[in-house]
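Some notes on the structure that comes next.
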Protein chains: 2
Amino acid sequence: MSTPLRAATSLLTDQYELTMLAAALADGSAARDCSFEVFARRLPPGRRYGVVAGTARLLDALAEFRFAEPELEVVAAFSDERTLNWLREFTFGGDIDGYREGELYFPGSPILTVRGSFAECVVLETLILSILNHDSAIASAAARMVSAAGGRQLIEMGSRRTHELAAPASARAAYLAGFDATSNLEAVRSFGIPGAGTSAHAFTLLHSGSDGAHEAAAFRSQIETLGLGTTLLVDTYDIAQGVATAIEVAGPELGAVRIDSGDLGVMARQVREQLDALGAVRTRIVVSGDLDEYAIAALRAEPVDSYGVGTALVVGSGAPTAGMVYKLVEVQGRPVAKRSSHKESRGGTKRAVRLSRRSGTIVEELVLRAGQDAPAQEAFTVRDLQIPLVRGGKPVADLPTLAQSRELVARGLISLPWEGLKLSAGEPAIPTTFLQ
Amino acid sequence: MSTPLRAATSLLTDQYELTMLAAALADGSAARDCSFEVFARRLPPGRRYGVVAGTARLLDALAEFRFAEPELEVVAAFSDERTLNWLREFTFGGDIDGYREGELYFPGSPILTVRGSFAECVVLETLILSILNHDSAIASAAARMVSAAGGRQLIEMGSRRTHELAAPASARAAYLAGFDATSNLEAVRSFGIPGAGTSAHAFTLLHSGSDGAHEAAAFRSQIETLGLGTTLLVDTYDIAQGVATAIEVAGPELGAVRIDSGDLGVMARQVREQLDALGAVRTRIVVSGDLDEYAIAALRAEPVDSYGVGTALVVGSGAPTAGMVYKLVEVQGRPVAKRSSHKESRGGTKRAVRLSRRSGTIVEELVLRAGQDAPAQEAFTVRDLQIPLVRGGKPVADLPTLAQSRELVARGLISLPWEGLKLSAGEPAIPTTFLQ
């Protein structure tokens, strides 16, 4: 049994895409020009906006979407020679347009449009959705935490609560949304995100001896190796004693203390008073332990300098997947849509614009037919939301960097009407109007 | 920006493990004999049991846990030469005992015990927890779906709703718990799980022409390529018309029809009547679309032959992570535990046994000190729960195969008291008693 760590991404795919391919190659429909669209029918319950994330990871994965012999062997079990030959030669040669990574989205936003032959578009469904649904869910939750934190530092430390390879992607999505650092070293390596982390309770417990706990020995050791700027974890035994010991060992220039348990608001106030009384007025307070956006917001009046967020971040704070779908919307220039109950889709290739007031506050999203002009706007600024991402199978030049996408999220949050930033359950911050 | 697909798993780690390592190497405590324990303080809200999963994936990942130059470069940014040299030479040489993969677990069950030097144990924390927390969350949700399905076929099709590399691991966990097949081709390749999948709405829509829909053309094409045993998706337009067309094209020997929308119970009954009236009495009915264990149970009285389960499976049906922690419990033979509020741990290396009646029904889990004998039991059968997994850094021979673990889950579900199988929220099915 081997771990799924091949570079090729082509088997990160549902079998039905390749059975459809086989039938379409056999009957000649595989070559028809198609448009597929990624959109979310709705936001997760109560959410007021979503954040598009994963686009850059998707383009990387697309470049590795190829079928060599190990992949073809799997497909051969249920497919025919014609299909295998087609897959052997396959690279995606179509066009992709989409929302910039870091753009806000709303119900029905045409987040991605994939155009090409049916064959080359249909095989990408699962890969596209897996990446966008995961990363957008995390970024959307993270953005709420960022706005709740009101400018204080946020450290992502949720790796242990999610799949080991989802962890670096989660760290990236959190950073994109405005988090400052991650505990995950693979995210540091892959994406250049600042790393963070000093010690766990185990380090203090390691230094307990047969004559009892030696918290001071653990702190001394940590400072000797990591320097005075480090963060000492003070709640292994008694927090007040831990703080006293920390300053006794480190002096008032200690970088930070971390509290990982108890009523964090009460603790933060007590610890701040104690630190100040000890002259450690610049020693920062880091809190962690089951924080979500609500707990972060509840601590805004407290002397907390930094939040460590784990579980709630990597599970999307109640919405672990973004619910985006990938639907065929146009065949040979004609709009198509299914008509079964509760799952209507809107046919036709689309574009979208967002209207904002002169102040920058957004007011509405308009979804149009591709090529259709937006109605003239007197009072509002009109901004196109889709940009070219792939042309003839190749990523276009000058796609947004992670830093630019992070800046875009920050600008997006500022552009929301004030109700859009409320953490309470509510309607989407702006309406989506379909004009096509 | 590269995708995180290196074979080495050593950076799937939190930075603080390596800063603790650096300090422990500097002060000499790194060599102390330690025991770390994996356990869950509680089950997810309302859950009555958990299923241990991920053990085999963990042992695979452990074999790739090494620091070569690309990994060391990342560590060098915050670490010293001594630590880098230690990591360069590192392979885990300790012992691991644990619950068999597929074993049920309850609050406080000592699911894994990792013994070795502090240095070699501390660096494994994140990797161990990521894998066990993810896979156990999925398997635990899947087991509830399996018991709700009452022996009918379950197909995992959730890849698009989770991280692209979490998807095959989810498929594996679902299969372990008793699912019959997966849509995910990487899971077929990596783990040998049976694949499934035929077509999506896009295939029907592809065959619509300028003179209207040609559902019959799509069905005919699919049958020509995939054979009469295939599953036709009948709800793209009108379900009754779709079923009529399907049997018209395929004849009464059609393998199955799939319904993906509408009130599935009502639809299944109508479709069954229609199929029977058309003489297609052996044509099976597959349902899909936002199914979870409750929806599966609600369909038990309906003529459904097979369930396709997506989102709810891969997000753990409300509990996307298992909440397991990795705690230092013993140093140089002495139990250690932190004492901060709300997060007490129990010190000491442990073993566990499960008591069952002669009927096979389990009644209690006893957690003991390592080496401590279980109290004599007149009325109950006593079974040891931990087995050796790793000795001297190497996996032991004859670890349970995926098939054996799958069989163990099935036996575990049968062993639960009847209340333990209820889907409603409740207490753990059996109590855990700590005797150590």
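The values are calculated or read from the model by the stated rules, or taken from the named source; none is laboratory data. Just so it is clear, the structure is predicted and the values come from calculations on it, not from any experiment. All Cβ positions, glycine included, derive from the backbone under ideal geometry; neighbour counts span all protein chains shown. Remember, those area values only see protein heavy atoms, side chains included, never the ligands or the DNA or RNA. Shrake-Rupley method; radii C 1.70, N 1.55, O 1.52, S 1.80 Å.
What do you reckon, is A:R354 in a strand (DSSP E or B) and either in contact with a His (Cβ under 6 Å, 6 or more places away or on another chain) or basic (K, R) (or both)?
Taking the combined requirement at face value, the residue satisfies it.
Does region A:275-306 hold any residues that are in contact with a strand residue (DSSP E or B) (Cβ under 9 Å, 6 or more places away or on another chain) and among the small types (G, A, S), and which are they?
A:A280, A:S288, A:G289, A:A295, A:S306
So, B:L328, is that one more than 8 Å from chain A (Cβ to nearest Cβ) and either open to solvent by less than 30 Å² (accessible area, probe 1.4 Å) or touching a strand residue (DSSP E or B) at 6+ places or on another chain (Cβ under 7 Å) (or both) or not?
No.
Select, from B:G426, B:G371, the only residue that is open to solvent by 30 Å² or more (accessible area, probe 1.4 Å), among the small types (G, A, S) and farther than 30 Å from B:E64 by Cα.
Testing whether each residue is open to solvent by 30 Å² or more (accessible area, probe 1.4 Å), among the small types (G, A, S) and farther than 30 Å from B:E64 by Cα leaves just B:G371.
With the structure loaded, tell me whether B:R66 is more than 10 Å from every other protein chain (Cβ to nearest Cβ), open to solvent by 40 Å² or more (accessible area, probe 1.4 Å), under 30 Å from B:D398 (Cα atoms) and out of contact with any strand residue (DSSP E or B) (no Cβ under 8 Å at 6 or more places or on another chain) or whether it fails that test.
Yes.
So is A:A337 assigned to a loop (DSSP other than H, G, I, E, B), surrounded by fewer than 17 Cβ atoms within 10 Å (Cβ to Cβ), without any contact (Cβ under 8 Å) to a residue 40 or more places away in the chain and not charged (D, E, K, R) or not?
Criteria not met by A:A337.
Please state which one of B:R284, B:R339 is within 14 Å of chain A (Cβ to nearest Cβ), in contact with a Ser or Thr (Cβ under 8 Å, 6 or more places away or on another chain) and over 27 Å from B:A53 (Cα atoms).
B:R339
Being within 7 Å of chain A (Cβ to nearest Cβ), crowded, with 24+ Cβ neighbours inside 10 Å and among the β-branched types (V, I, T), is that true of even one residue in region B:180-191?
Checked region B:180-191: no residue is within 7 Å of chain A (Cβ to nearest Cβ), crowded, with 24+ Cβ neighbours inside 10 Å and among the β-branched types (V, I, T).
Looking at region A:276-295, which of its residues are crowded, with 19+ Cβ neighbours inside 10 Å and either assigned to a loop (DSSP other than H, G, I, E, B) or modelled with pLDDT under 95 (or both)?
A:A280, A:T283, A:G289, A:L291, A:D292 - these are the residues of region A:276-295 that are crowded, with 19+ Cβ neighbours inside 10 Å and either assigned to a loop (DSSP other than H, G, I, E, B) or modelled with pLDDT under 95 (or both).
Since A:A374 meets every condition but one in (1) in the same structural domain as A:R47 (by TED's automatic domain parsing); (2) closer than 29 Å to A:A143 by Cβ, which condition does it not meet?
(1)
(1) over 20 Å from the mean Cα position of the chain (by Cα); (2) assigned to a strand (DSSP E or B): which one isn't true of B:A22, the others all being true?
It is condition (2) that B:A22 fails.
If a residue has to be within 7 Å of another protein chain (Cβ to nearest Cβ) and modelled with pLDDT of 95 or more to count, how many in region B:208-227 make the cut?
5
Which pairs turn up if I take residues in region A:380-393 that are in contact (Cβ under 8 Å) with a residue 60 or more places away in the chain and look for partners that are loosely packed, with under 14 Cβ neighbours inside 10 Å and β-branched (V, I, T) with beta carbon separation below 7 Å, at least 6 apart in sequence or on another chain?
A:G393/A:T91
Working carefully through the options A:G279, A:G262, A:G289, find the one that is within 24 Å of the chain's Cα centre (by Cα) and more than 15 Å from A:R152 (Cβ to Cβ).
On inspection, the qualifying residue turns out to be A:G289.
Just checking, how many residues over region B:147-175 are crowded, with 24+ Cβ neighbours inside 10 Å, touching a Phe, Trp or Tyr at 6+ places or on another chain (Cβ under 8 Å) and in a helix (DSSP H, G or I)?
The number of residues fulfilling the criteria is 5.
If only one of B:R144, B:R172, B:R160 is over 30 Å from B:E330 (Cα atoms) and not assigned by TED's automatic domain parsing to the domain that holds B:T311, which one is it?
B:R144
Restrict the check to region B:296-316 and report whether at least one residue is crowded, with 17+ Cβ neighbours inside 10 Å, in a loop (DSSP other than H, G, I, E, B) and at pLDDT below 95.
No: zero hits.
Give the residue that is nearest to the chain's Cα centre (by Cα), with candidates limited to residues of region B:44-58 that are open to solvent by less than 20 Å² (accessible area, probe 1.4 Å) and either within 12 Å of chain A (Cβ to nearest Cβ) or among the aliphatic types (A, V, I, L, M) (or both).
Out of the qualifying residues, it is B:A53.
Among the residues of region B:105-116, is there at least one that is open to solvent by 10 Å² or more (accessible area, probe 1.4 Å) and either outside the structural domain of B:A56 (by TED's automatic domain parsing) or aromatic (F, W, Y) (or both)?
no
Mind checking whether some residue in region B:80-89 is within 11 Å of chain A (Cβ to nearest Cβ) and either of a type in the set (V, I, T) or surrounded by 24 or more Cβ atoms within 10 Å (Cβ to Cβ) (or both)?
Yes, some residue in region B:80-89 is within 11 Å of chain A (Cβ to nearest Cβ) and either of a type in the set (V, I, T) or surrounded by 24 or more Cβ atoms within 10 Å (Cβ to Cβ) (or both).
From B:T225, B:T204, grab the single residue that is among the polar types (S, T, N, Q), open to solvent by 20 Å² or more (accessible area, probe 1.4 Å) and under 25 Å from B:T283 (Cα atoms).
Sole residue among the options that is among the polar types (S, T, N, Q), open to solvent by 20 Å² or more (accessible area, probe 1.4 Å) and under 25 Å from B:T283 (Cα atoms): B:T225.
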